[in-house]
Amino acid sequence: MRRRRDAFSSPGSHTPKNIRSTFSSLTDYQFVRRLAEAGCKFFLYLEYTPIIEGTGRLVLTREQRKQLMELTRKFHSRLSALFITVPGHEEEVGGCLAAGRGFAHLTAEGDIEPCPFAPFSDTNVRSSSLKDALQSKLLNELRQHPEQLQISEGGCCLWKKRTWVESIMAEDRQEVRK
Ligand code: SF4
């Protein structure tokens, strides 16, 4: 990849359980430096985001997230690559970037979801254009309510507010039936 000048990235996922082992390997400066020198241009540090009931204990603590942010800032100042932590950096830019505020997610089945970690969808590109799908009721409502998309104690704000999200989708289904 380096010979072909292809850019590549390195994703890593963290939970409090692996924060001592995997975390220390993936955030080891020499390891990260070698990857950056080999041509890795984008490092994505994903905190564990629970979308399964009962797994909330795997979310990083505020202190652990702070530690991760400090490390990535240090890497960014020393190495020629982009370092993003999610949701840590989202917090710095005003909250969740899902639903087209920064990105959206297209599944292999054609569903458009707000984000890869938010398994909610009310539209599919098999039955509409991508442009129309991005204007679905769910995505529009989420974009119109940034106050609901603030990130607090870790984990996904949409998953925490799934009752509200599901109510938007239920309203949409009722409107389609009318
Ligand atoms: S939907 Fe959840 S996991 Fe995805 S960007 Fe927003 S807060 Fe983060």
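Within the range 106-120, which residues are of a type in the set (Gly, Ala, Ser) and without any contact (Cβ under 8 Å) to a residue 24 or more places away in the chain?
First, pick out the residues of the range 106-120 that are of a type in the set (Gly, Ala, Ser): 108, 110, 118.
Correct list: Ala108, Gly110.
With the requirement that a residue be within 15 Å of the ligand (Cβ to nearest atom) and surrounded by fewer than 21 Cβ atoms within 10 Å (Cβ to Cβ), what does the range 96-116 give you? I'd like the intermediate steps shown before the answer.
Narrowing the range 96-116 to residues within 15 Å of the ligand (Cβ to nearest atom): 96-107, 111-116.
Hits for the range 96-116 are Leu97, Gly100, Arg101, Gly102, Phe103, His105, Leu106, Thr107, Asp111, Pro116.
Among all residue pairs at least 6 apart or on different chains, which show Cβ distances below 7 Å where the first residue, located in the range 17-31, is among the hydrophobic types (A, V, I, L, M, F, W, C) and the second is at pLDDT below 70?
Filtered contacts from the range 17-31: Phe23/His14; Leu26/Gly12.
Count, please, the residues in the range 19-58 that happen to be at pLDDT below 85, in contact with a Phe, Trp or Tyr (Cβ under 9 Å, 6 or more places away or on another chain) and assigned to a loop (DSSP other than H, G, I, E, B).
Number of matching residues: 5.
Consider Arg143 against the criteria (1) surrounded by fewer than 13 Cβ atoms within 10 Å (Cβ to Cβ); (2) within 13 Å of the ligand (Cβ to nearest atom); (3) among the basic types (Lys, Arg): it satisfies all of them except one. Which criterion is unmet?
With (1) surrounded by fewer than 13 Cβ atoms within 10 Å (Cβ to Cβ); (2) within 13 Å of the ligand (Cβ to nearest atom); (3) among the basic types (Lys, Arg) applied to Arg143, the lone miss is (1).
Inside the range 146-172, can you point out the residues that are away from the ligand (no atom under 15 Å from the Cβ) and either among the acidic types (Asp, Glu) or in the same structural domain as Lys66 (by TED's automatic domain parsing) (or both)?
Glu171, Asp172 - these are the residues of the range 146-172 that are away from the ligand (no atom under 15 Å from the Cβ) and either among the acidic types (Asp, Glu) or in the same structural domain as Lys66 (by TED's automatic domain parsing) (or both).
The values are calculated or read from the model by the stated rules, or taken from the named source; none is laboratory data. A quick note: this is a predicted structure, and the numbers were derived from the prediction, not measured. Neighbour counts are summed over all protein chains in view; Cβ atoms, including those assigned to glycine, are modelled from backbone coordinates with ideal geometry.
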